[in-house]
Structures are given as C-alpha cells and as structure tokens.
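To keep things clear, I will list the structure first and then write my remarks on it.
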Amino acid sequence: MIPRGNLAMMARSIFGKSPSDTDEFERKLEDQIDAVFYAIGTFKGAGPEDYIPWLKRFPNGAVKEAVRQAELMDGIVDFLLDGVGVRPEHDPNNPACLADILLAGEKTGELDRASSCALVSDLFGGGLDNIGHQVVWLLLLLANRPRVQDRVYEELASVVPPDRAPGIEDKPSLPYLFGVIAETMRYKTVNPFGLPHRAAQTCEVGGFTIPAGTQVLGNMYYIHHDERFWDSPYDFIPERFMPSPDGTPAPGLTAGAFIPLPTQTSGNFIPFGAGLRACPDRGFSEIAIWLQASRLLHRYHFEPYPNAGALPEDEVFRLSVTSKPYSLKVSRR
Ligand code: HEM
C-alpha cells in the first residue's frame, strides 16, 4: 500500500488535476499506471541484467516482460501528456504541474516525446521503489522493535499535540525520529549500487586502474555495513545519527552530510549516492520519507499479528532492496 500511495502522489504532482479531465484520463492516472508500474518495479524486471548488460543477450523472460511493461507505460504517459495539453487552462508559460513544463519543452523542441516519457518513468521509479520501500522497511523494523517505536511515539507526542499532524517544521525538535529514519536508510540501503556509471577517462582509484569506458558501480550497501566506518554495522542503532548532549555531531553524520539541505552527499553515509550524479531528488525524498514516517507513527501503532513472531527482515535484491511482502496489525494511538 505504501509504494502505491507514493505512486499516486507522484502521479498527481506530475500530471496535476483539472475539472476537464475525462474519466479515461482519471482511470489511466489512478489505476493503469499503478498496475503497470507495480509490475515493472516490484515483480518482473530489475534483476542482475540491469547491472551486467551482457546478461541481456541470454534469453530472459523477465527482461522481455519488463520491456513490454515499459512500452505499456510509455503509451499511458503519452496519453496523459496529450490529456494535459488539451486542458482549457493549460498554459505553457504558467505551468501548474510538471507535465505542463514537459509540454512547453516539447513545443520549443528542447524535448521530444520519448524523453518526456523516459523522464516521467524515472520519477515514478524513484517514488515507488525508493521512497516507498524505505518507509516499508521503517515500519517493518519498528514493528519488530517495540521499544524503539514507543520512544519515537513518546518523542512525537511530546512535541505534536494529538489534534494536528506533524509538519516538517517539527523536524528539528524530533532528533530520535531523525535517527531512526537515517539508521533505516543505512541498515536497509534500498538503492545498494546506485545506478551504473561509465568511466569517461582512464583513472586510478585505490590503486586500481579503471580503463575509460568501464562500467562502474558503487557498493553503497557495503559502505553502509563496513566495520571500518560503523560500530556493530549489523545492529539497528538510531543513536548513531543523533548529536551528543554536549553538541558533538552525530558519529553517523560526521563523514557524510545528510541534512540540512542542500546536501552534497559524500563520506560513509551515502544513501543518495555521491558526487555530481548523486540522486537529484534527495531533497524531496527526505521530506517525503520524514512526513510519511512521522504522520504514521504519530497516529498508529504497528506490530506483528499476535503469535506470528517477528517479521522476517530478509532482503530481496532487485534494482532496489525490498523486504518480503508482509502484513501488520495496525491500531490507532
Ligand atoms: C529514498 C529515496 C531515494 C533514494 C535512497 C535514492 C537513491 C539514489 C541513488 C543511490 C542514485 C544513484 C547515485 C549514483 O549512482 O551515484 C539515484 C539516482 C537518481 N535518482 Fe534517486 N533516490 C531516491 C528517490 C528518488 C526519487 C523520488 C526520484 C524521482 C522523483 C529519484 C530520481 C533519481 C534519478 C533521476 C537519478 C539519476 C541521476 C543521474 O544519473 O544523474 N530518486 N538515486
């Protein structure tokens, strides 16, 4: 449900809303994107062949299916962009949603339709796979750790009264919640290898020569679990992202800035990658994850079903690292 909620949020911010939208427009936006994208990202595509391109030469049903789903997605996005273009209020000079901006770019020749579709798909991918699965991990980890969840709730309840939802302005007063979110992003790095890059020129890294043209992947998962940088890396310890009472910066953040924005991610804590090609959407993602986590944990309590035991925390490695699907007992605070 959470990745799907993120997909719906992305869909609205990309395509906006207008009273003139047809039922078919709404259906494609609400249901069809959801179904196709869920199939692309969660079940079928995204295996080792995404990182090792020559594997695609072998017959592979998953790749074929992912290509088919991606084509379906392009058809839907194409339809939705046309739908935005015929809205009476559509004004390329006064954009109300991202689709307005893309259409303006197409008009000036800066973009073609294929690039607009690719861009929209990337945005959906980021929202569904990364933000969504990071929140899914967070709830799972806290359901298995009731004492951590209670401490998050106590902190939230002491700052945010029950009759309003937490807002981003509350963030500085909630350091433990921040520690829990950052630790979740380290402990379960949803984007373990970032995206494949190619060396533009021959260079040397750590004594190894990387010839020009080599495909390069950063192993963020390993960096986040390397004992040289983290004490007990396989334990979930939110405190490592909290400053000490004497003001000493949090050990987890001294080497890699996470917040405040603008973030130039570097060092040992790099859930958004590092350098010039780091995730362009980290600002939005940090806010989206924080709002979802704070509002869910302020209002609800999450636990495994009675007698079901702890939820499995195994990682499913695809393009993103996801949990296995799970069910939780949710009660209102
Ligand atoms: C928790 C949320 C997210 C995480 C952990 C995350 C992580 C990453 C990482 C690790 C990379 C690769 C960086 C590298 O290779 O050095 C990346 C790239 C990228 N991300 Fe995100 N991401 C998140 C959310 C999003 C969202 C919501 C979007 C879109 C709306 C997005 C769009 C992109 C794009 C377009 C790139 C490619 C940038 C480039 O190659 O220049 N990401 N992200």
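The values are calculated or read from the model by the stated rules, or taken from the named source; none is laboratory data. What you see is a predicted model, and the numbers here were worked out from it, not measured in a lab. Counting neighbours? That spans all protein chains shown, and the Cβs are built from the backbone with ideal geometry, glycine included.
Return a yes/no flag: does region 302-310 have any residue that is in a loop (DSSP other than H, G, I, E, B), among the small types (Gly, Ala, Ser) and either without any contact (Cβ under 8 Å) to a residue 12 or more places away in the chain or in contact with a Gly (Cβ under 7 Å, 6 or more places away or on another chain) (or both). Yes, region 302-310 has at least one match. All of (1) at pLDDT 80 or above; (2) more than 17 Å from residue 125 (Cα to Cα); (3) touching a Lys or Arg at 6+ places or on another chain (Cβ under 9 Å) hold for residue 62 with one exception: (1).
Close Cβ contacts (under 6 Å, 6 or more residues apart or on different chains) running from residues in region 271-291 that are closer than 11 Å to residue 134 by Cβ and assigned by TED's automatic domain parsing to the domain that holds residue 177 to residues that are near the ligand (Cβ under 6 Å from one of its atoms) and in a helix (DSSP H, G or I) comprise 285/131; 288/131; 289/131; 289/134. Return yes when residue 85 is more than 30 Å from residue 327 (Cα to Cα) and either touching a helix residue (DSSP H, G or I) at 6+ places or on another chain (Cβ under 7 Å) or crowded, with 22+ Cβ neighbours inside 10 Å (or both) and no when it is not. For residue 85, the condition - more than 30 Å from residue 327 (Cα to Cα) and either touching a helix residue (DSSP H, G or I) at 6+ places or on another chain (Cβ under 7 Å) or crowded, with 22+ Cβ neighbours inside 10 Å (or both) - is met.
For region 219-234, indicate whether the set of residues that are within 12 Å of the ligand (Cβ to nearest atom), at pLDDT 85 or above, more than 15 Å from residue 185 (Cβ to Cβ) and assigned by TED's automatic domain parsing to the domain that holds residue 186 is non-empty. Yes; the residues of region 219-234 include at least one that is within 12 Å of the ligand (Cβ to nearest atom), at pLDDT 85 or above, more than 15 Å from residue 185 (Cβ to Cβ) and assigned by TED's automatic domain parsing to the domain that holds residue 186. So for region 177-185 (the condition being aliphatic (A, V, I, L, M), outside the structural domain of residue 218 (by TED's automatic domain parsing), within 16 Å of the ligand (Cβ to nearest atom) and modelled with pLDDT under 95), does at least one residue qualify? For region 177-185, residues aliphatic (A, V, I, L, M), outside the structural domain of residue 218 (by TED's automatic domain parsing), within 16 Å of the ligand (Cβ to nearest atom) and modelled with pLDDT under 95: absent.
Every residue, every condition in (1) within 11 Å of the ligand (Cβ to nearest atom); (2) surrounded by 14 or more Cβ atoms within 10 Å (Cβ to Cβ), yes or no:
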| residue | (1), (2) |
| --- | --- |
| 133 | yes, yes |
| 156 | no, yes |
| 161 | no, no |
| 172 | no, no |
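Would a scan of region 40-53 turn up a residue that is exposed (fewer than 14 other Cβ atoms within 10 Å of the Cβ), at pLDDT 85 or above and assigned to a loop (DSSP other than H, G, I, E, B)?
Filtering region 40-53 for residues exposed (fewer than 14 other Cβ atoms within 10 Å of the Cβ) gives 43, 48, 52-53.
In the following step, the residues that additionally are at pLDDT 85 or above were identified as none.
Checked against the condition, which is being exposed (fewer than 14 other Cβ atoms within 10 Å of the Cβ), at pLDDT 85 or above and assigned to a loop (DSSP other than H, G, I, E, B), region 40-53 yields no hits at all.
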